[in-house]
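The structure appears right after this line, and notes come after that.
Each value in this text was obtained by applying a stated rule to the coordinates, not by laboratory testing. Computed from a predicted model, the values in this text were never measured in an experiment. With ideal geometry, Cβ positions are generated from the backbone for all residues, glycine too; neighbour counts draw on all protein chains shown.
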Amino acid sequence: MSEKKSDISFTPLTGNTFKFRCYKGIQCFTDCCADLNLVLTPYDIVRIKNRLGMLSDAFLNKHTDTTMENHPQFPMVKLKMLSDEKRRCPFVSPDGCTIYEDRPGACRIYPLGRAATKPDAQRGTREKFFIVNEEHCLGFKEDKEWTIEEWLTNEGVDEYNTMNDQWLEIITSQKTIGPEKDLHQKIQMFSMASYNLDKFREFIFKSRFFERFEVESGLKSKLASDDVELMKFAFDWLKFSLFGEKTIQIKDEPSLERTTNP
Ligand code: SF4
Ligand code: SF4
C-alpha cells in the first residue's frame, strides 16, 4: 500500500521466512520515510487523527491528498508528504516515527507487502505476501530471521488487517454500484463514510437516519463516541447504500424507499 516512487521492486517470498532488521542506529534510519505513495485506509485515518487529537476534516485537509490513480472507481486518500527537497513524511523525526504506535498499516508491514481480496463477508480473505525491496534499505543485510506470522504479530499488523479487510470487501466487491445518474452521490457517500467519520457521525445523528433505519439502542450510544464502532457501522452502511446488501435494516414503513439521502 505504501510505495516509494523510486528504487523499488517486488519479489515473491520463497518459503515462509525472510531476513530483516530495522533499528535506530542503522545507517539508513528513516530514509524510508520520504517520497512515499502511502494510501491510507479508514482505520489508518482513525488511529492517526485520534493520536493527533484532530477531527477528520482537519486531518484530511492538512495531511492528505485524494487520488483516483489507485482504484478504478473509488477515490483513495494518500498521506501528503512535506514539500521539502526529500518530500519527507510529516511524522518523521530524527528519532524515528512520531506516531509510531499509530503508524499506518503499510508502514507496519514493510518490508512485506500483502495483496488481498475479500469479495464478500462469507468468503475468507485471499492473501499473498511478497518482499518490497527498496534499494536504500539496509535492513535486508541484517541477520535476523522472521516467519511471516512472527513479523505480523511483532508489528501489530493483524489488528490492522482485521479492520482493513472489512473495507476491502467494499473496494474489491464485484457488485455494481448502480446507474450512472447515482454515481456522483454514491462516490461522495463512499468518501464520507470511509474517510470522514466525524462528518458521517453528523450525517447519521443530525438527520432522520435513526427514524428510518433499525439501530439497536446500545449500538446507537456507541456510535456517538466510539470511532471504531462508527467505522464498522459506516462499512455496513456502504454495503447497504452502494450495493443494496441487507446490512442495515429499514424500519417497518411501507412507503419508505431505500435511499442514501435520509
Ligand atoms: S532499515 Fe529499511 S525500514 Fe529500517 S530505517 Fe532503514 S530504510 Fe527504513
Ligand atoms: S508514518 Fe511514521 S513510519 Fe510511516 S512513513 Fe511516516 S514517519 Fe515513517
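Whole angstrom only: what separates the Cα centroid of region 167-230 from the Cα centroid of region 49-124? What the calculation gives is 21 Å, centre to centre.
With a ≥ b ≥ c the root eigenvalues of the C-alpha gyration tensor of the chain, is it rounded (a/c under 1.5), prolate (a/b larger than b/c) or oblate? Prolate, since a/c reaches 1.5 and a/b exceeds b/c.
With a threshold of 26 Å on the Cα-Cα distance, the over-threshold entries among Lys78/Lys186; Lys19/Lys80; Lys49/Lys220; Lys49/Lys246; Lys199/Lys239; Lys80/Lys206 are Lys19/Lys80; Lys49/Lys246; Lys80/Lys206.
Considering only Thr247, Leu13, Ile148, and ranking their Cα positions along the charge dipole of the chain that arises from unit charges at the beta-carbon of Lys, Arg, Asp and Glu, the one farthest toward the positive end is Thr247. In region 1-85, which trypsin sites (Lys or Arg not before Pro) fall in coil by DSSP and have 12 or fewer other Cβ atoms within 10 Å? Sites meeting the loop and neighbour criteria: Lys5. Which of the chymotrypsin sites (Phe, Trp or Tyr not before Pro) found in region 1-94 are loop residues per DSSP with 14 or fewer other Cβ atoms within 10 Å of their Cβ? Hits after loop and neighbour filter: Tyr23.
Suppose every K and R has +1 on its Cβ and every D and E has -1 on its Cβ; what is the size of the dipole of the chain about the Cα centre, in Debye to the nearest 20? Please report the intermediate quantities before stating the final value.
Numbers: 38 positive and 42 negative charges, 73 e Å.
That gives a dipole near 340 debye.
Once all Cα-Cα distances of region 180-250 are split into 5 Å bins that start at 0, what whole-number percent is in each one? Each 5 Å bin holds this share of Cα pairs: 3, 16, 28, 30, 16, 4, 2, 0.
Distances over 26 Å make up what percent of all Cα-Cα pairs in region 108-262?
Working: 4802 of 11935 pairs.
Result for the distance tail: 40 percent.
Of Gln188, Met76, Thr30, which is farthest on the positive side of the dipole of the chain, counting Cα position, with +1 on Lys and Arg Cβ, -1 on Asp and Glu Cβ, and the Cα centre as origin? Looking along the dipole axis, the top candidate is Gln188. For Leu138, what charge total do you get from the other residues with a beta carbon under 14 Å from its beta carbon, if Lys and Arg give +1 and Asp and Glu give -1? With Lys, Arg at +1 and Asp, Glu at -1, the neighbours total -1.
Using unit Cβ charges (K, R positive; D, E negative) and no other charged atoms, how large, in debye to the nearest 20, is the dipole of region 180-250 about its Cα centre?
Numbers: 12 positive and 12 negative charges, 30 e Å.
So the dipole magnitude of region 180-250 works out to roughly 140 debye.
What relative contact order, as a whole-number percentage, does the chain give when Cα pairs under 8 Å and 6 or more residues apart are counted? Taking the mean separation of contacting Cα pairs over the length of the chain, I get 23 percent.
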